[in-house]
Each structure stands twice: as structure tokens, then as C-alpha cells.
Amino acid sequence: MRYEGAVYRPPSEAKSLIIQVTLGCSHNQCIFCVSYLDKKFRERELEDIYADIDEVASHYRGVERVFLADGDALVMKTDKLLKILEKLYNTFPQVERVGIYATPHDILEKDLEELTSLKEAGLTIVYLGVESGNEELLKWMRKGATRQEIIDAGKKARQAGLILSVTVINGIGGREKMADHAIDTATLLNEIDPEYLGLLTLMVPEGTTIARKIQKGEFEMPEPWEMLAEIEMMLEPLELSNCVFRCNHASNYLPLKGTLPQDKEKLLESLRSVLRTKDTRHLRPEYLRAL
């Protein structure tokens, strides 16, 4: 199995077979991301992808989950992705789910018929980085998509029958725009109504643009208690129909998880209880936080 550079996948794909069908990220401009700075984006040749699949199959054919890496593999042409899906399902008859990262533009560039054909061929879940619902912040972080484009992409994926898992970054608005980030993100999520919502807390790796902004005094990181207060502000107006909520990533100060809307009040009470006491024993120490 050949991997080039560091390989990233969603936490929920921890037990999946990871196949690199692309290398790097076609956008690769977000100011908070260091994941693919060492790679120039390119698609891998089908023959190389097939060779990786066959190599795994020669040792183990009981694969049940597959994740297609790297950063936004949905950028591939639909016919190429269909061939990869066909190869996977023919090689591993027990496959139940295939996941993929996507940018908003990856989804919008494909028409609904294309997305539906991918769904019918076995593409199951799409991971979409929302980051924020605030228009000004999206432009500032160089997300490469507007608020409306993110909404349209999310709705389009759901319309095609794909499971939609979105991520949001706690703290990306800094201390100055905490409320704007929280409220605008909640209203965006209400419009998309995803099946899964993952809340990550902003980390600042060396080499990122946001790290340089902090050094120059152009961005002020919220303190841990402010991060939790921002989560409370975001949860309060959320009105999702049936969403698995996870805020238990290694980056998060306070692990939280539940299903919305059923567990909304329980989650809010947990936050408020910790915010009332400000007992640091409830928080994950900085040395244990990680991307």
C-alpha cells in the first residue's frame, strides 16, 4: 500500500481502509490549515489506485468501510470516481460505506444527476468543512466559498441522497467575532440540516497564515472559557431535525456528544454547569490537545 505524505481522515473513519485517490487539496488556501502545505495537488492514475486496492485484497478481502483521500477527492471527474467505486465494490463485496472529503465547490460543480449516480454507485457519506456561517469570516479565512454557496452545496448533497457530515471550527472568529461566528453558523446549519455535525476547536500549527496573524497581533485567540461560551451561543439557536453531534475531538476542551434536537438541553446544561464553576479539572489540558 503506497501513501504519499501525511494522510488525514475524519475521526469516524478510524477503522476504514484509506485509499489516496488524490494528493493534497485542490484549494489549499485556508489560513488555519497546515495539512497539505507540503503537497502539490494532483489526481492519481486509475492504474495506481487499482494496484493499491488489489494489494489490500491480496491480504484481506473483508473490508467494510473505505475512505477516499486526500483533502477533497470529490473534485475528481464523476466518471473516474464511478470507476473507482465499481472497483472497490467488485473487489470487496462486504463494503458497506465509502466516504469522501469535499469542498463546497466540488459539490456545486457536479450536477444533481452526477451526485445521484455516485450515490447509486455506492458513495455514501460526504464530509464538508463549513468552518463558519459568517460571510466576513469565510472571506477572511480564504475558505473559497460564500455562505450561500456552502448552503447550496449542503442542500445539494442531501438532495442527492448522500449522508452529509459537516465540521465547524470553534474559535475561528477570535475574541472579536465570537457572537457573529456562533449565531451565523447556527443559522447556516439550520438551513442545511446535516445528519452529522462535528465541532473542532481551533488549533494554530506553525507555518499557517493564522499563526502569523497571531504573532502580528492581528488575531486574538479566545480563552478556553470563551470557547465554551461560544459553543453555548451556537447550540442555543440550533434547530436540526435529526443530527449526531460530536464535540469530543482531541482539540476540544470539553468533550460533548449527543443527538440533536433530543439532547440539546442536556448539552446546554453541561456547558452552563462548567461555565458556572470554571473548574479547570473539567477541561482537557493544553498538552493533551491535538489536531
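Overview of values
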item: Checking LYS83 against (1) of a type outside the set (S, T, N, Q); (2) surrounded by fewer than 24 Cβ atoms within 10 Å (Cβ to Cβ); (3) outside any helix (DSSP H, G or I), the condition it does not meet; result: (3)
item: Residues of the stretch 213-243 satisfying the condition of being in contact with a helix residue (DSSP H, G or I) (Cβ under 9 Å, 6 or more places away or on another chain) and either part of a loop (DSSP other than H, G, I, E, B) or of a type in the set (Val, Ile, Thr) (or both); result: GLU218, PHE219, GLU220, MET221, PRO222, ILE231, GLU236, PRO237, LEU238, GLU239, LEU240
item: In the stretch 61-80, residue nearest to MET203 (Cα to Cα) [restricted to those that are part of a loop (DSSP other than H, G, I, E, B) and either at pLDDT below 95 or touching a strand residue (DSSP E or B) at 6+ places or on another chain (Cβ under 7 Å) (or both)]; result: GLY71
item: The stretch 210-246: number of residues that are touching a residue at least 60 places away in the same chain (Cβ under 8 Å) and under 26 Å from SER165 (Cα atoms); result: 5
item: Residues being part of a loop (DSSP other than H, G, I, E, B) and over 15 Å from MET227 (Cα atoms) - total across the stretch 149-187; result: 3
item: So GLU226, is it closer than 24 Å to PRO10 by Cα, at pLDDT 95 or above and of a type in the set (Asp, Glu); result: no
item: Top-ranked residue of the stretch 188-212 - restricted to ones that are assigned to a helix (DSSP H, G or I) and within 18 Å of the chain's Cα centre (by Cα), ranked as surrounded by the most Cβ atoms within 10 Å (Cβ to Cβ); result: LEU189
item: Single residue of the stretch 53-80 satisfying the filter (hydrophobic (A, V, I, L, M, F, W, C) and closer than 22 Å to GLU149 by Cβ) that is surrounded by the most Cβ atoms within 10 Å (Cβ to Cβ); result: LEU74
item: Residue that is without any contact (Cβ under 8 Å) to a residue 24 or more places away in the chain, surrounded by fewer than 17 Cβ atoms within 10 Å (Cβ to Cβ), not in a helix (DSSP H, G or I) and not small (Gly, Ala, Ser), where the choices are LYS15, LYS40; result: LYS40
item: Residue list for the stretch 94-119, restricted to those being in a loop (DSSP other than H, G, I, E, B), farther than 15 Å from THR22 by Cβ and touching a Gly at 6+ places or on another chain (Cβ under 9 Å); result: GLN94, VAL95
item: Subset of the stretch 43-60 that is of a type in the set (D, E, K, R) and in a loop (DSSP other than H, G, I, E, B) - its residue that is farthest from CYS30 (Cα to Cα); result: GLU45
item: Single unsatisfied condition, LEU267 versus (1) surrounded by 15 or more Cβ atoms within 10 Å (Cβ to Cβ); (2) under 25 Å from ARG147 (Cα atoms); (3) of a type outside the set (Asp, Glu); result: (2)
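The values are calculated or read from the model by the stated rules, or taken from the named source; none is laboratory data. Just so we're clear, the structure is a prediction, and the values are computed from it rather than from any experiment. We place every Cβ from the backbone using ideal geometry, glycine too, and count neighbours over all the protein chains shown.
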